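*Asks:* Just dropping this structure here.
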Amino acid sequence: MRPKRSHHCSRCGHCVRRMDHHCPWINNCVGEDNHWLFLQLCFYTELLTSYALMFSFCHYYYFLPVKKRNLDLFVVRHELAIMRLAAFMGITMLVGITGLFYTQLIGIITDTTSIEKMSNCCEEISRPRKPWQQTFSEVFGTRWKILWFIPFRQRQPLRVPYHFANHV
């Protein structure tokens, strides 16, 4: 018998509870057990991409006056071209990761997975709406909000309150 809100992944061949999607970046299904790790991956990738872009722009504006003085230098011209290409790639990565992170957060707030959104099964199911703090606590395994984005910890499954136990 298949548990509620589970899905069989055709790529992995596993049945995954609360399966959101199969991610090619981590070569695994994102589901109930590792959704919090995927959110941390998106969050820290977004944070580090912003950090790298900030330094790239600072470096670019530092080298811009050098370019005006030494137009004949081969190295300066090519370094500026490489920095422009890196900035373009960084902006593209930041926009993509921000969109992915945003859709994942909206999915947690509405307590739906990507598969459920695509199949529109959640509109047919009349589940009681949970507060956003409870859905985040269920995903991250703790009610302590400060621990949600700390990567070096173990996730413990939460005990589901009785009035939500029948709808999980």
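*Asks:* Could you identify the single residue in Glu123, Glu116 that is more than 30 Å from Ala52 (Cα to Cα) and modelled with pLDDT of 80 or more?
*Replies:* Just one listed residue meets the conditions, Glu116.
*Asks:* Still on this structure, I have one more. Given the conditions (1) loosely packed, with under 12 Cβ neighbours inside 10 Å; (2) within 26 Å of Gln133 (Cα to Cα); (3) modelled with pLDDT under 90, report the number of the one that Ile106 does not fulfil.
*Replies:* (3)
*Asks:* Of all residues in region 109-118, which are open to solvent by less than 70 Å² (accessible area, probe 1.4 Å) and within 16 Å of Ser6 (Cβ to Cβ)?
*Replies:* Asp111, Thr112, Thr113, Ser114, Ile115, Glu116
*Asks:* Within the set of pairs 6+ apart or on separate chains, which have a first residue in region 13-40 that is without any contact (Cβ under 8 Å) to a residue 24 or more places away in the chain, a second that is in a helix (DSSP H, G or I) and surrounded by fewer than 21 Cβ atoms within 10 Å (Cβ to Cβ), and C-beta atoms under 7 Å apart?
*Replies:* Nothing qualifies.
*Asks:* For residues in region 140-168 being assigned to a loop (DSSP other than H, G, I, E, B) and over 27 Å from Lys4 (Cβ atoms), which is modelled with the lowest pLDDT?
*Replies:* Going through the qualifying residues, I end up with Arg153.
The values are calculated or read from the model by the stated rules, or taken from the named source; none is laboratory data. This structure is a prediction, so every number in the text was calculated from the model and none was measured. Every residue, glycine among them, receives a Cβ derived from its backbone with ideal geometry; neighbour counts consider all protein chains shown. Ligands, DNA and RNA are stripped out before the accessible areas are found, and what is left, the full protein with its side chains, is counted by its heavy atoms. Shrake-Rupley method; radii C 1.70, N 1.55, O 1.52, S 1.80 Å.
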